[in-house]
2 protein chains.
Amino acid sequence: MADGLVTYHYRRSASRLTIGAHLFGVLAFILMLIWLLHYRGGIEYDSDNVDRVFNVHPFLMFCGFIFLVGEAMMVYKTVPVSHNGQKFFHMMLHLTAICVGIVGICAVFKFHDMINVEDVYSLHSWIGIGTFCLFGLQWLFGLFTFIVPQPSETKQSMLPWHICGGRALLYMAVCAALTGLMEKSASMQQKHTRENHLMNFTGLFILLFGVFVDLSVALARYV
Amino acid sequence: MADGLVTYHYRRSASRLTIGAHLFGVLAFILMLIWLLHYRGGIEYDSDNVDRVFNVHPFLMFCGFIFLVGEAMMVYKTVPVSHNGQKFFHMMLHLTAICVGIVGICAVFKFHDMINVEDVYSLHSWIGIGTFCLFGLQWLFGLFTFIVPQPSETKQSMLPWHICGGRALLYMAVCAALTGLMEKSASMQQKHTRENHLMNFTGLFILLFGVFVDLSVALARYV
């Protein structure tokens, strides 16, 4: 197979993977909304109902934070503007994701206060808070390396760290989401109920969203 | 910075990341052994004690399966033999991991039978079984593409899929392990106990093992 054909093959694959990532992301988004609105009583930050306050957390952490981060990572494949325009979208989507994430984390602290439960004891919370702090550092690292003017050699030598680190952080965020769903599901002690199946499919689609975003970014480096 | 210096920088980083991966893998291995032997009553497949039978599952799935898979992925950096020798180790370590994983999965089915609980209802089990089947397919794909003689163009065009797919599968296996630990931890309903902290650190080190294996493989592609 000629080199040109291999390149064409990978460019086409990367674009199909991007479509797959959108699909799984939107599916997870829809299933999570059905779960929170139909089974869990709705989503409201300023509520006296503790469940509605809690629900802000999974909603904003996936539908806001992880979904936006994934879309930000695929911007270089999906937004047909100049490279600098793509960089701007990439940075702004990440910034929006981080702001939404902060509100999402505040929601779960508020929920813990309302029911008098201790904070930050579970594996989910350890992974989640660690990952979120690293995301903040990665954003600052990206800002001072790729947005603030730097010699092109510096940018070039830092790019692999930025790309590989970003993909690892996406997986860490997916791990945080899945451990969170698992914690909630285990505490509800439901087994073969419709709600449990819905939560499992939501988790699977979140994982597949992460895998497809990762593959679309990683395979594109071989083009 | 000259290109040679960048290459040297990444080669050194990839080798440091490999050392980091070993370190976190061994730490997770030790913490899991302490957890299962000191807090959970030991590990034994042919036991009448259901807890000892259950403990075979986390032990073999991490200390056998995930740890061996990670080591197999780093073989091209860590085993100083010919390329064909490295391929052989890579294949054999994966095969060993899959065999150990089968015993580990059998252990949890045996445990469910002993306590009369249904199988395959949790998010952990869905991710775990899905990932394990995909690992089997990836091994067969690798065998028929890279071990059985094929034109070098075929190998070259399939290599990015094999590498990127393998890294994604490692993360999926890590997700399975972390949801499993989270499920167990949530069902035990312990909070700020020493055992819960030990389980959290085990989970964190499993995640860091996955991240460091991934980065050592991914950054090496930029060398």
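Answer yes or no: is there a residue in region A:9-22 that is part of a helix (DSSP H, G or I), open to solvent by 70 Å² or more (accessible area, probe 1.4 Å) and in contact (Cβ under 8 Å) with a residue 24 or more places away in the chain.
First pass over region A:9-22, keeping only residues part of a helix (DSSP H, G or I): A:9-22.
Filter once more, so that each one left must be open to solvent by 70 Å² or more (accessible area, probe 1.4 Å): A:11-12, A:16, A:19.
The next check asks that each one be in contact (Cβ under 8 Å) with a residue 24 or more places away in the chain; those that pass are A:11.
Yes: region A:9-22 contains one or more residues that are part of a helix (DSSP H, G or I), open to solvent by 70 Å² or more (accessible area, probe 1.4 Å) and in contact (Cβ under 8 Å) with a residue 24 or more places away in the chain.
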**Prompt:** For region A:39-66, what are the residues that are β-branched (Val, Ile, Thr) and assigned to a loop (DSSP other than H, G, I, E, B)?
**Reply:** A:43
**Request:** Can you give me the ranges of the helices (runs of 4 or more DSSP H) entirely in region A:67-177 with at least 2 residues that are under 17 Å from the mean Cα position of the chain (by Cα), surrounded by fewer than 18 Cβ atoms within 10 Å (Cβ to Cβ) and among the β-branched types (Val, Ile, Thr)?
**Result:** A:83-115
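Scan A:138, A:150 and give me the residue that is at pLDDT below 95 and among the polar types (S, T, N, Q).
Working: A:138 fails: at pLDDT below 95.
Of A:138, A:150, the one residue that is at pLDDT below 95 and among the polar types (S, T, N, Q) is A:150.
Considering A:148, A:174, which residue is under 29 Å from residue B:169 (Cβ atoms) and of a type outside the set (D, E, K, R)?
Values: A:148 fails: under 29 Å from residue B:169 (Cβ atoms).
Just a single option satisfies the conditions, and that option is A:174.
Return a yes/no flag: does region A:182-199 have any residue that is under 28 Å from residue A:88 (Cβ atoms) and either modelled with pLDDT of 95 or more or open to solvent by 40 Å² or more (accessible area, probe 1.4 Å) (or both).
Initial filter on region A:182-199 (under 28 Å from residue A:88 (Cβ atoms)): none.
No; the residues of region A:182-199 include none that is under 28 Å from residue A:88 (Cβ atoms) and either modelled with pLDDT of 95 or more or open to solvent by 40 Å² or more (accessible area, probe 1.4 Å) (or both).
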**Item:** Residue count for region A:200-223, restricted to those that are within 7 Å of another protein chain (Cβ to nearest Cβ), over 13 Å from the mean Cα position of the chain (by Cα) and part of a helix (DSSP H, G or I)
**Value:** 5
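For residue B:54, indicate whether it is more than 30 Å from residue B:218 (Cα to Cα) and either open to solvent by less than 70 Å² (accessible area, probe 1.4 Å) or within 14 Å of chain A (Cβ to nearest Cβ) (or both). Break it down stepwise before answering.
On the way: more than 30 Å from residue B:218 (Cα to Cα): yes; either open to solvent by less than 70 Å² (accessible area, probe 1.4 Å) or within 14 Å of chain A (Cβ to nearest Cβ) (or both): yes.
When the stated conditions are applied, residue B:54 passes them.
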**Request:** Just need a number here: residues in region B:28-37 that are within 14 Å of the chain's Cα centre (by Cα) and open to solvent by 30 Å² or more (accessible area, probe 1.4 Å).
**Result:** 1
**Message:** Tell me whether region A:18-39 contains one or more residues that are in contact with a Ser or Thr (Cβ under 6 Å, 6 or more places away or on another chain) and of a type in the set (S, T, N, Q).
**Reply:** yes
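The values are calculated or read from the model by the stated rules, or taken from the named source; none is laboratory data. The shown structure was predicted, so the numbers you read here are calculated from the model rather than taken from an experiment. Cβ atoms come from the backbone with ideal geometry, glycine included; neighbour counts cover every protein chain shown. To get the accessible areas, we keep the full protein, side chains included, count just its heavy atoms, and leave off ligands, DNA and RNA. Shrake-Rupley method; radii C 1.70, N 1.55, O 1.52, S 1.80 Å.
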